[in-house]
Amino acid sequence: MESNATDKPVPREITALLSDERLILRETKRAVTPFGGIAVFISFLGKVGFVEAIRQHMPICWKSPNHIDPTITFTAFLVSVLVGARRFAHASLLRGDRALHALLGMERFPTDDTIRNLFRAFGMGHVQRLYEPLAEWQMQRLPRRVEGYTLDLDSTVFERYGQQEGSLKGHNPRKHGRPSHHPLLAVLSEAHFLLHGWLRSGNCGTSRGVEEFLKEALALWGQREKIRLLRADSGFFDDKLLSFLEQRLLPYIVVARLTPWVKRAAQRVEQWTMLDDDYAVGEFRLQLHGWSTQRRFVVIREQMREDRDSVGRKLTEVRHGLVDSEDFSAVRRDNYCGSSHGF
């Protein structure tokens, strides 16, 4: 950043407190910032037309002659979060960073009250009018893939403090007994793109509402590119979800729960295909209680070794030594593009 102020460094010699080393301190009137690395992200936002997209779809308009443009306030909030702000008050730490203001092209950096008031003005209609076109704008920028995209289903837990709407006590692996939210996410794996998300109460199960969630996610995606595969962990191992995917002709890989029935069926596998000296793959078909049909299970066998901690739980012992827990995945049972495609 260039400054009209004359830079006249004033050297000052001091001695280190815990040693006899001499240090030279110099003062400067030039603007400096500890967030110089953010220049790369700012350049990226300029390249993709972020400001133009926000300004075009921003539903909030202030009438005060001394107002700060809501687009500037929204961008300031984004940058504050990027540099580590965890609360609105943390945004005030950037108000004196003139070098960062120059990078952003801001004459005035909004206060935390200004940022908070912007979001207070948002109703549900405003949220829809802003984020729906922004989501469309982002999806239009995704690269085309002839082979299609992989859709990953996942959930996570956010512990909450204070009185936040929807935060209830549920499964919380980090803070037991702490109220939390349990979001449901759909991510396009190859693009690292968050396609859809639900913010659910903390007492929700992992797969609760997943069928309706998927309907919304697929409707958002439309016919842009095909979804070549859906992946999910054992929390989504549910007959309703698997049946839904089969009705939609969506290939899937879902990690199976290691129930006694699945465990016994895996122990009876006799034919194994060796992948290398330590791994082998086998398969079996099983119809669990409440299922209307059999489904194909694929099991990966890992030999325990002294030089490496094996992953998972021990399943059984075999003639050649101990075998580590197999990762079970339910896969489309008929037209899954080959019996072991994707493994």
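The values are calculated or read from the model by the stated rules, or taken from the named source; none is laboratory data. Remember, it's a predicted structure, so these values are computed and weren't measured experimentally. Because the Cβ atoms are built from the backbone with ideal geometry, glycine has one as well, and the counts that use them run over all protein chains shown. SASA here: full protein model, heavy atoms, side chains in, ligands and nucleic acids out. Shrake-Rupley method; radii C 1.70, N 1.55, O 1.52, S 1.80 Å.
Here GLY222 passes the criteria (1) closer than 17 Å to GLY148 by Cα; (2) modelled with pLDDT under 90; (3) in contact with a His (Cβ under 8 Å, 6 or more places away or on another chain) except the one numbered (3).
Across segment 217-234, a minimum of one residue is classified as under 24 Å from LYS169 (Cα atoms), charged (D, E, K, R) and touching a strand residue (DSSP E or B) at 6+ places or on another chain (Cβ under 9 Å). Exactly one residue out of LEU229, LEU184 is within 27 Å of PRO143 (Cα to Cα) and in contact with a Pro (Cβ under 6 Å, 6 or more places away or on another chain): that is LEU229. If you go through segment 253-305 and keep only what is touching a Lys or Arg at 6+ places or on another chain (Cβ under 6 Å) and farther than 28 Å from THR206 by Cα, you end up with just ALA280. Can you name every residue in segment 173-197 that is open to solvent by 70 Å² or more (accessible area, probe 1.4 Å) and in a strand (DSSP E or B)? Of everything in segment 173-197, just one residue is open to solvent by 70 Å² or more (accessible area, probe 1.4 Å) and in a strand (DSSP E or B), namely LEU194. Just one of the listed residues (GLY170, GLY166) is open to solvent by less than 40 Å² (accessible area, probe 1.4 Å), of a type in the set (Gly, Ala, Ser), part of a loop (DSSP other than H, G, I, E, B) and within 21 Å of ARG87 (Cβ to Cβ), namely GLY166.
Among the residues of segment 13-36, are any within 26 Å of MET139 (Cβ to Cβ), open to solvent by 40 Å² or more (accessible area, probe 1.4 Å) and either of a type in the set (Phe, Trp, Tyr) or under 27 Å from the mean Cα position of the chain (by Cα) (or both)? Within segment 13-36, not a single residue is within 26 Å of MET139 (Cβ to Cβ), open to solvent by 40 Å² or more (accessible area, probe 1.4 Å) and either of a type in the set (Phe, Trp, Tyr) or under 27 Å from the mean Cα position of the chain (by Cα) (or both).
Taking the criterion of being of a type in the set (Lys, Arg), over 21 Å from the mean Cα position of the chain (by Cα) and under 22 Å from PHE74 (Cβ atoms), the only residue of segment 124-169 that qualifies is ARG129. Check whether at least one residue in segment 23-37 is in contact (Cβ under 8 Å) with a residue 40 or more places away in the chain, part of a helix (DSSP H, G or I) and closer than 23 Å to ASP112 by Cβ, and report yes or no. No: segment 23-37 contains no residue that is in contact (Cβ under 8 Å) with a residue 40 or more places away in the chain, part of a helix (DSSP H, G or I) and closer than 23 Å to ASP112 by Cβ.
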